[in-house]
Amino acid sequence: MWSNFFMQEEEGRIGSGGMGPSDARTTTMAMLKGARGAKRRAQATSKMSDSQEGKIKLAFFVAIVGVTLTVLGVGTEFWVELAPPKSFYNNQTCLTAHYGLWKSCMRTLWVSDIDPERESCGPAELPGESNCTYFKFFTSGENAVIFKKTTTKNLNITAAVFALLSLFMMVTGSICISMSLSKGVPFFLKPASFCFIVSGILVFLTLIIFHQSVLSLVASDHSVPLHHDLSWSAACVGSAGAIVILAGIIFVILSLPHSPWEKCLPHNRSDT
């Protein structure tokens, strides 16, 4: 009687447990295998393929070209050339000026070296004596005087600040791309694209504000007639702005889960 009672109680415990030790072990192993498979699939989707890495490197090269042109333009003083008529001083020499974000230069040129068909003195690349001075906007806050015309320091300072901010955004974007390539994940492509697009916009704002400062300078005094032209430094900066924006758009496309370029380019067998 008592033996039958204990056997029924043991069977009840097993039934209430739902499964035996072997069944529990099998279920645990299946769950672990499923978790490992999900982890492998997550790693496979987060890692970039060889073809995607090649496209990112190509777009990064384009961005580096834009960064180099920006550094070249910001660091040089050939943003604008100011030149009075070559016969204004009734002398064998004439004066021309060129300046950028940080300093201005006055050059004395020989009239005989100037193209006879050119009415104004210049260009500034001709051989001659040069005298360059740094602007005092950032130290004592003084305006500069060029051909009796006074600069507007607020506009010049704003242009310089925007140029530095654009360089900072470009460096930040380059760091994001470097991290993305070193880690092998496309996670940093979106912040990099944001940095490059914003830096390009800042570059164009820099050019607009600088051009306004030039117009303000020319209109400050009319005793000396001046002809002004944006020079090669401004051209470098403008080209750089377009290039980094293009690179940022490319990074946006490459950061998409299914890039439109994947349909146009052949798949790499090593990726499958």
Seminar exercise, completed: Those residues of segment 137-152 that are open to solvent by 60 Å² or more (accessible area, probe 1.4 Å) and closer than 18 Å to Phe78 by Cα come to a total of 1
Problem set entry | Pair list, Cβ under 7 Å, 6 or more apart: segment 181-207 residue surrounded by fewer than 17 Cβ atoms within 10 Å (Cβ to Cβ), other residue among the acidic types (Asp, Glu) | Leu181/Glu53
Exercise. Any residue at all in segment 101-121 that is charged (D, E, K, R) and under 34 Å from the mean Cα position of the chain (by Cα)?
Worked result: yes
Problem set entry | Flag for Thr93 being of a type in the set (S, T, N, Q) and touching a residue at least 40 places away in the same chain (Cβ under 8 Å) | no
Problem set entry | Sole residue being out of contact with any Pro (no Cβ under 9 Å at 6 or more places or on another chain), in a helix (DSSP H, G or I) and under 30 Å from Phe147 (Cα atoms), chosen from Leu189, Leu217 | Leu217
Problem set entry | Per-region count, segment 38-63, residues of a type in the set (A, V, I, L, M, F, W, C), open to solvent by less than 50 Å² (accessible area, probe 1.4 Å) and at pLDDT 50 or above | 6
Exercise. Do we have any residue at all in segment 161-168 that's within 30 Å of Ser193 (Cβ to Cβ), assigned to a helix (DSSP H, G or I), without any contact (Cβ under 8 Å) to a residue 12 or more places away in the chain and open to solvent by less than 80 Å² (accessible area, probe 1.4 Å)?
Worked result: yes
Problem set entry | Of all residues in segment 84-114 being basic (Lys, Arg) and out of contact with any helix residue (DSSP H, G or I) (no Cβ under 6 Å at 6 or more places or on another chain), the one that is surrounded by the most Cβ atoms within 10 Å (Cβ to Cβ) | Arg107
Problem set entry | segment 111-126: number of residues that are of a type outside the set (Asp, Glu) and under 17 Å from His98 (Cα atoms) | 7
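The values are calculated or read from the model by the stated rules, or taken from the named source; none is laboratory data. Owing to the predicted nature of the structure, the values given are computational and were not obtained by experimental measurement. Positions of Cβ are backbone-derived with ideal geometry, glycine not excepted, and every protein chain shown enters the neighbour counts. SASA here: full protein model, heavy atoms, side chains in, ligands and nucleic acids out. Shrake-Rupley method; radii C 1.70, N 1.55, O 1.52, S 1.80 Å.
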